[in-house]
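Enquirer: First the structure, which I've put down as structure tokens, then a few questions once you've had a look.
The values are calculated or read from the model by the stated rules, or taken from the named source; none is laboratory data. The structure presented is a predicted model; accordingly, all values stated were derived computationally and were not measured. We place every Cβ from the backbone using ideal geometry, glycine too, and count neighbours over all the protein chains shown.
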Amino acid sequence: MTQAEAVLRGGAKLFQLREKFSSDKELAPLVESLRRLCDFYGAKLIINDRINLAKNADGVHIGASDRALCEARSALGDDAIIGVSCYGDLNRAIAAQNGGASYVSFGACFKSATKPNAPIIDRAVFGEAKKILRLPVCAIGGINAQNAASLIGQGVDMIAVVSDLWRSNNPQKQAEAFIALGL
């Protein structure tokens, strides 16, 4: 069983492919395989940054340096899931909501092996976001099974986890631990 399948078997409901160095052509077969796995396990597949590849998935996640939210919505349609990285910027989240985002993410919440130079946000942004936003709020950056509960207590709807799953000896069990937290 692949790591991706183990994570999905463990209960992940939103799976994001984040690959910065391969071409769309090189990634297309992987997207197709992940699409089948996600469908089998009842999960949604999100592609990071790449709107063209996201046409074969459930949606895309875009950051500040990626293509515009309106462009993603136009290319993918009204039913696509579109997530927007807001870092620690509540105004960016409001703009994303007004522009048709499906969810917003804030982070890095903790020191992250995936993005070691990412600034750590003030996690008070989650409480403020939950007061004014009508869409789900995701926490990202350095999240592991030990610190995730503190974010849930701040009202996040979702967490994004990379290293704690992919570096685990048992990704399925690790995913189950996150699901047990109530996400």
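Enquirer: Taking only pairs six or more apart or across chains, which ones have beta-carbon atoms under 7 Å, a first residue in region 67-87 that is within 23 Å of I121 (Cα to Cα) and touching a residue at least 12 places away in the same chain (Cβ under 8 Å), and a second residue that is assigned to a strand (DSSP E or B) and of a type in the set (S, T, Y)?
Expert: The qualifying pairs are G83/Y103; G83/S105; S85/S105; C86/S105.
Conditions tested, residue by residue: (1) part of a helix (DSSP H, G or I); (2) of a type outside the set (K, R); (3) within 20 Å of K44 (Cα to Cα).
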| residue | (1), (2), (3) |
| --- | --- |
| V125 | yes, yes, no |
| N169 | no, yes, no |
| A177 | yes, yes, yes |
| L183 | no, yes, yes |
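Enquirer: For region 94-110, check the following and say yes or no: at least one residue is over 25 Å from A54 (Cα atoms), of a type outside the set (V, I, T) and over 17 Å from the mean Cα position of the chain (by Cα).
Expert: No.
Enquirer: Return the residue satisfying two criteria in turn: it lies in region 1-31 and is part of a loop (DSSP other than H, G, I, E, B) and among the charged types (D, E, K, R), and of such residues it is nearest to S85 (Cα to Cα).
Expert: Once the filter is applied, the top-ranked residue is R18.
Enquirer: In addition: Answer yes or no as to whether N91 is over 17 Å from the mean Cα position of the chain (by Cα), part of a helix (DSSP H, G or I) and either over 25 Å from L30 (Cα atoms) or modelled with pLDDT of 95 or more (or both).
Expert: The answer is yes for N91.
Enquirer: What is the one condition in (1) modelled with pLDDT of 95 or more; (2) surrounded by 22 or more Cβ atoms within 10 Å (Cβ to Cβ); (3) within 26 Å of A124 (Cβ to Cβ); (4) among the hydrophobic types (A, V, I, L, M, F, W, C) that L151 does not satisfy?
Expert: (1)
Enquirer: Looking at region 53-70, which of the residues that are at pLDDT below 95 and outside any loop (DSSP other than H, G, I, E, B) is nearest to V31 (Cα to Cα)?
Expert: Here the residue is L69.
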